[in-house]
Amino acid sequence: MKFRTLAIALAILLPLAASAQQANRPSTANYTFTTDKEIPVTSVKNQYRSGTCWCFSTLSFLESEVIRQKGITDENLYPDFSEMFIVRYSYRDRGIKYVRLDGKLNMAAGSDFGDVMDVIREEGLAPQQAYSGMNYGTELPVQGELDAVLKAYVEAVVKNPNRTLTPVWPKGLVGILDAYLGPVPEYFSYNGVTYSPKSFRDAMGINPDDYIGFTSYTHHPFYTQFAIEVEDNWRWTPSWNVPLDEYMAIVDNAIENGYTVLWGGDVSEPGFTRDGLAILLDTENKSTAGSDQARWTGSADQARPEPQVYKELDVTQEIRQMMFDNKTSTDDHGMHLYGTAHDQNGTKYYLIKNSWGDTGAYHGTWYMSERFVMAKALNIVVHKDAIPAEIAQKLGIR
């Protein structure tokens with residue numbers, strides 16, 4: 001077993017070392033894509049300078065679910081859910097858990113899909129028109145100060161200078177959130193009807209228990225659930241663990257039957273570009289600071305490579321596991337997978353809606369190769385009815 005693992009490692013690392021000498025990311029210029037299947041999605045949003053992709057992607061996914069379930073064909077009637085309504089409750093819950101765990105928890109902007117589902121289950125939903133969460137003077141989210149203030153506040157509470165916590169410290173946490181994001185409305189009007197957040201959730205037909213998470217790793221038994229060991233999974237949301245071929249079968253079955261897919265995983269790869277392309281290259285990534293987009297793909301004014309079509313790495317279950325174990329697959333970003341396409345060579349791609357605004361060659365959509373998804377999607381979420389029947393039966397889901 002150790003020899004086999006070493007052989008796999010060498011098979012990956014040798015081409016990695018050779019191609020790392022290329023400082024380039026691939027260009028979209030030499031790719032021509034043809035869409036094979038496309039499921040309706042709402043407009044592309046911009047998380048800007050906030051680490052809230054987990055919320056933007058999940059709400060985009062749920063907006064498509066409302067469109068699907070209600071059969072909405074008029075884009076003017078598409079729902080637009082408030083991301084900051086969810087973010088506010090997530091930050092509150094995270095701060096409380098951080099204190100309960102004596103600071104042994106990730107108190108940062110990142111989170112995961114299960115966080116959104118838990119907030120919706122407990123608190124409901126709000127439309128963007130009822131709660132923008134932009135109470136601090138910018139048009140787009142700029143939350144570095146908010147994140148720093150929240151972290152400093154709960155760290156001070158954890159130090160417990162009184163040796164006994166007061167009962168009012170959670171009110172201080174809520175006060176910070178009220179100041180930056182605004183108090184949440186108890187009731188609001190939507191299309192002429194008055195709702196509470198919970199009645200609005202129910203009117204939209206969203207039941208968080210209908211959505212199932214999946215992953216594919218060998219450090220836990222297949223056909224069991226486990227919480228993926230990444231710091232953003234602070235609620236410890238479990239995912240079903242299935243073999244890689246079944247993992248991809250779930251994605252394809254969902255799209256084929258009109259369901260979209262939540263995608264969470266690694267975008268620090270050099271094959272994930274700012275222009276709307278994601279292919280599984282084997283070169284060294286170099287990222288820059290700034291917006292969430294620049295963090296993973298670099299700045300717009302960086303030199304672009306000459307266009308060329310790159311050969312991708314083959315992906316196996318063992319390689320996928322190694323990438324997770326050696327931290328070359330990391331928990332970076334959440335996006336919304338909503339269709340399939342192929343390039344001029346017949347290579348399969350997925351349509352991915354991002355949350356970096358109208359950017360790149362495809363105005364906020366990324367074309368992500370099948371191999372990139374196989375290797376770099378740490379986890380996915382689908383509606384339970386999108387799961388192939390034979391897989392659902394193995395898991396006892398239906």
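The values are calculated or read from the model by the stated rules, or taken from the named source; none is laboratory data. Here the structure is a predicted model, which means the values were calculated and not measured. A quick note on method: Cβ atoms are made from the backbone with ideal geometry, for glycine too, and the neighbour counts reach across all protein chains shown.
What to note about this one:
- Scanning the stretch 108-155 for residues that are part of a loop (DSSP other than H, G, I, E, B), out of contact with any strand residue (DSSP E or B) (no Cβ under 8 Å at 6 or more places or on another chain) and not hydroxyl-bearing (Ser, Thr, Tyr) turns up Ala108, Ala109, Gly110, Gly124, Gly133, Met134, Asn135, Gly137, Glu139.
- Options Ala156, Ala152, Ala148, Ala109; residue that is over 15 Å from Lys45 (Cβ atoms) and either outside the structural domain of Ser199 (by TED's automatic domain parsing) or within 17 Å of the chain's Cα centre (by Cα) (or both): Ala109
- For the stretch 20-56, residues that are modelled with pLDDT of 95 or more, surrounded by fewer than 17 Cβ atoms within 10 Å (Cβ to Cβ) and closer than 27 Å to Asp331 by Cβ total 1.
- Residue selected from the stretch 232-263 under the condition touching a Gly at 6+ places or on another chain (Cβ under 9 Å), crowded, with 18+ Cβ neighbours inside 10 Å and of a type in the set (Phe, Trp, Tyr), by the criterion nearest to Met368 (Cα to Cα): Trp263
- When residues of the stretch 94-107 are limited to those that are touching a residue at least 40 places away in the same chain (Cβ under 8 Å) and in a helix (DSSP H, G or I), the one farthest from Gly264 (Cα to Cα): Val99
- Scanning the stretch 69-76 for any residue that is assigned to a loop (DSSP other than H, G, I, E, B), out of contact with any strand residue (DSSP E or B) (no Cβ under 7 Å at 6 or more places or on another chain) and at positive phi turns up at least one such residue.
- The lone criterion from (1) of a type in the set (D, E, K, R); (2) surrounded by fewer than 18 Cβ atoms within 10 Å (Cβ to Cβ); (3) farther than 17 Å from Met248 by Cβ left unmet by Lys353 is number (2).
- Among residues of the stretch 350-370 that are without any contact (Cβ under 8 Å) to a residue 40 or more places away in the chain, none has a Cβ under 9 angstrom from a residue that is among the small types (Gly, Ala, Ser) at a sequence gap of 6+ or on a separate chain.
- Near pairs, Cβ below 8 angstrom, 6+ apart or cross-chain, from the stretch 185-199 (more than 10 Å from Pro127 (Cβ to Cβ) and in the same structural domain as Arg88 (by TED's automatic domain parsing)) to any residue that is exposed (fewer than 11 other Cβ atoms within 10 Å of the Cβ) and modelled with pLDDT of 95 or more: Tyr187/Thr194; Ser196/Glu186
- Annotation: Glu139 fulfils all but one of (1) at pLDDT below 95; (2) in the same structural domain as Met323 (by TED's automatic domain parsing); (3) acidic (Asp, Glu); the unmet one is (2).
- Residue within the stretch 112-127 that is β-branched (Val, Ile, Thr), assigned by TED's automatic domain parsing to the domain that holds Gly175, in contact (Cβ under 8 Å) with a residue 40 or more places away in the chain and crowded, with 19+ Cβ neighbours inside 10 Å present: yes
- Of the helices (runs of 4 or more DSSP H) lying entirely inside the stretch 287-398, the ones with 2 or more residues being of a type outside the set (Phe, Trp, Tyr), within 16 Å of the chain's Cα centre (by Cα) and at pLDDT below 95 are found at 292-297.
- Residue under evaluation Glu229, criteria (1) assigned by TED's automatic domain parsing to the domain that holds Ser90; (2) surrounded by fewer than 15 Cβ atoms within 10 Å (Cβ to Cβ); (3) not basic (Lys, Arg); (4) not in a helix (DSSP H, G or I), criterion not met: (1)
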